[in-house]
């Protein structure tokens, strides 16, 4: 059975973060991250909320292993990404400055 610590490790790896970088972002030590991933300690509520909101992690996945690791991007995120891509293409082709 996959534990919450195992899921946190998978999330961290999917985000491309080392234990050091993850710790830096969440203001915890690398040792704390290691203990977290071994289910020897847990994130407090503030840090859980940061993980869920700032990194679009699916709460059901994190807490219960249900569903996808990440929520589908919000429309505003997709719209912003598409706008940036179009602008980049136009600039590359010297159609805008």
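Tabulated data for the structure shown
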read-out	value
Residue count for the stretch 35-55, restricted to those that are touching a helix residue (DSSP H, G or I) at 6+ places or on another chain (Cβ under 6 Å), surrounded by 14 or more Cβ atoms within 10 Å (Cβ to Cβ) and closer than 23 Å to residue 68 by Cα	4
Some residue of the stretch 70-87 being surrounded by fewer than 14 Cβ atoms within 10 Å (Cβ to Cβ) and in contact (Cβ under 8 Å) with a residue 40 or more places away in the chain	no
Search result, residues across the stretch 80-97 that are modelled with pLDDT of 80 or more and part of a loop (DSSP other than H, G, I, E, B)	93, 94, 95, 96
Condition met for residue 28 (touching a helix residue (DSSP H, G or I) at 6+ places or on another chain (Cβ under 8 Å), loosely packed, with under 11 Cβ neighbours inside 10 Å and without any contact (Cβ under 8 Å) to a residue 60 or more places away in the chain)	no
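The values are calculated or read from the model by the stated rules, or taken from the named source; none is laboratory data. Since this is a predicted model, take the numbers as computed values, not measurements. Methodologically, a virtual Cβ is constructed for each residue, glycine included, from the backbone with ideal geometry; neighbour enumeration extends over all protein chains shown.
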